[in-house]
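Taking it in order: structure first as structure tokens, then the write-up.
The values are calculated or read from the model by the stated rules, or taken from the named source; none is laboratory data. Note that this is a predicted model, so its numbers are computed, not measured. Note: ideal-geometry Cβ built from the backbone for every residue, glycine included; neighbour counts use all protein chains shown.
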Amino acid sequence: MDVLADVVKVEVARGVLTATLADVDNRNALGADLVEGLRGAIRRANEDESIRAVVITNEGSTFCAGANLKQRSSETKQAKGGGGFVELLQEIQTSPKPIIGRIDGHVVGGGNGLASALDISIAREDVKFGFTEVRLGVIPAIISVVCLPKMRQGDAMEAFLRGNRFPATRAAELGLINRAVPGDQLDSAVEEVLADLRKGGPKALGLAKNLVYEVPKRTQADAVQWTTKLSNQLFSGDEAKEGMQAFLARRPASWAESDDS
């Protein structure tokens, strides 16, 4: 039996790989199998040029309950260290594919890190979020690396110290996710994003994503030099030539999928 396939279900349709967290009995906690299943799904997307984007969603009432406490409490001291979760967060943000969150359940503890690491996250407005770590005697240490860049310091301080749960609408205000929508609009909101992504140049999408993460790390002078060089390279590339020719000819670019496909 393929345990990874049981806890993360993967399907591909219309150029989109959907990875569904399906470890419902453990509330989609970040156990080793679930983390490796997600990492494998991202690797598969990275290696397949026909895949334009990735969607991460869930079965059950919880999107992700954070650390698998049963597993973490039974680990040896030498084995502790995130079980691949750190690598997962890095691989999400360095993947050349846009990775979208369809959050159809509650988000607790380390689950906030998963939701925040995704490129665009849309949640059902009636689900709850919460940095509950302090109530267990720990802190949101690893996930702070991906959450804090999206949050104001005062908001992060309150959320980290109180450990309370708050609605998805508040999570959007905090910057943890992009927006919260009524449950009956979740699929259409995600599909609206995917429809736009299907119209973008595949190479340009990955580089635009990288731009968001890379530029803030650089000094202004270094950023200007780096982006100027990158821009010149792209304008002289085949993808840009096709995109500009299509624009001038008032036709869809060769990679673009029509709205009625």
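The rows are residues; the columns are (1) surrounded by fewer than 16 Cβ atoms within 10 Å (Cβ to Cβ); (2) in contact (Cβ under 8 Å) with a residue 40 or more places away in the chain.
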residue: Cys147; (1), (2): no, no
residue: Arg152; (1), (2): yes, no
residue: Ala156; (1), (2): no, no
residue: Ala159; (1), (2): no, no
residue: Arg162; (1), (2): yes, no
residue: Ala168; (1), (2): no, yes
residue: Ile177; (1), (2): no, yes
residue: Asp184; (1), (2): yes, no
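What are the pairs with Cβ atoms under 8 angstrom where one residue, in the range 238-255, is free of Cβ contacts under 8 Å to residues at least 12 places away in the same chain and the other, located anywhere, is loosely packed, with under 15 Cβ neighbours inside 10 Å? Sequence gap at least six, or different chains.
As it stands, the answer is Ala246/Pro252; Ala246/Ser254, since those pairs meet every condition given.
For Lys241, indicate whether it is of a type in the set (Lys, Arg) and touching a Pro at 6+ places or on another chain (Cβ under 7 Å).
no
Looking only at the range 7-42, which residues are of a type in the set (D, E, K, R) and either surrounded by 15 or more Cβ atoms within 10 Å (Cβ to Cβ) or in contact (Cβ under 8 Å) with a residue 24 or more places away in the chain (or both)?
Of everything in the range 7-42, those that are of a type in the set (D, E, K, R) and either surrounded by 15 or more Cβ atoms within 10 Å (Cβ to Cβ) or in contact (Cβ under 8 Å) with a residue 24 or more places away in the chain (or both) turn out to be Lys9, Arg14, Asp23, Arg27, Asp33, Glu36, Arg39.
Kindly indicate whether Leu136 is assigned by TED's automatic domain parsing to the domain that holds Glu59 and either modelled with pLDDT under 95 or touching an Asp or Glu at 6+ places or on another chain (Cβ under 8 Å) (or both).
Yes: the conditions hold for Leu136.
Checking Ala223 against (1) hydrophobic (A, V, I, L, M, F, W, C); (2) touching a residue at least 12 places away in the same chain (Cβ under 8 Å); (3) surrounded by 14 or more Cβ atoms within 10 Å (Cβ to Cβ); (4) out of contact with any strand residue (DSSP E or B) (no Cβ under 8 Å at 6 or more places or on another chain), only one condition comes out false. Which one?
Only one criterion in (1) hydrophobic (A, V, I, L, M, F, W, C); (2) touching a residue at least 12 places away in the same chain (Cβ under 8 Å); (3) surrounded by 14 or more Cβ atoms within 10 Å (Cβ to Cβ); (4) out of contact with any strand residue (DSSP E or B) (no Cβ under 8 Å at 6 or more places or on another chain) is unmet by Ala223, namely (2).
Restricting to the range 176-189, name every residue that is in a helix (DSSP H, G or I) and either touching a helix residue (DSSP H, G or I) at 6+ places or on another chain (Cβ under 6 Å) or more than 23 Å from Met151 (Cβ to Cβ) (or both).
Once the filter is applied, which keeps residues that are in a helix (DSSP H, G or I) and either touching a helix residue (DSSP H, G or I) at 6+ places or on another chain (Cβ under 6 Å) or more than 23 Å from Met151 (Cβ to Cβ) (or both), the range 176-189 yields Gly183, Asp184, Gln185, Leu186, Asp187, Ser188.
Restricting attention to the range 150-171, does a residue exist that is within 19 Å of the chain's Cα centre (by Cα), β-branched (Val, Ile, Thr) and within 21 Å of Arg27 (Cα to Cα)?
Looking for residues that are within 19 Å of the chain's Cα centre (by Cα), β-branched (Val, Ile, Thr) and within 21 Å of Arg27 (Cα to Cα), one finds none in the range 150-171, hence no.
Return the total of residues in the range 237-253 being loosely packed, with under 14 Cβ neighbours inside 10 Å and closer than 20 Å to Pro96 by Cα.
Summing the residues that are loosely packed, with under 14 Cβ neighbours inside 10 Å and closer than 20 Å to Pro96 by Cα in the range 237-253 gives 1.
Every residue in the range 203-256 that is more than 24 Å from Ser95 (Cα to Cα) and in contact with a helix residue (DSSP H, G or I) (Cβ under 7 Å, 6 or more places away or on another chain), please.
Selection gives Pro252 alone.
Tell me which strands (runs of 3 or more DSSP E) are completely within the range 10-123 and hold 3 or more residues being at pLDDT 95 or above, assigned by TED's automatic domain parsing to the domain that holds Asn178 and among the β-branched types (Val, Ile, Thr), or say none if there are none.
It comes to 16-21, 53-58, 99-103.
Working only within the range 126-145, note down all residues that are within 16 Å of Gln90 (Cβ to Cβ) and surrounded by 14 or more Cβ atoms within 10 Å (Cβ to Cβ).
Ile142, Ile143, Ser144, Val145
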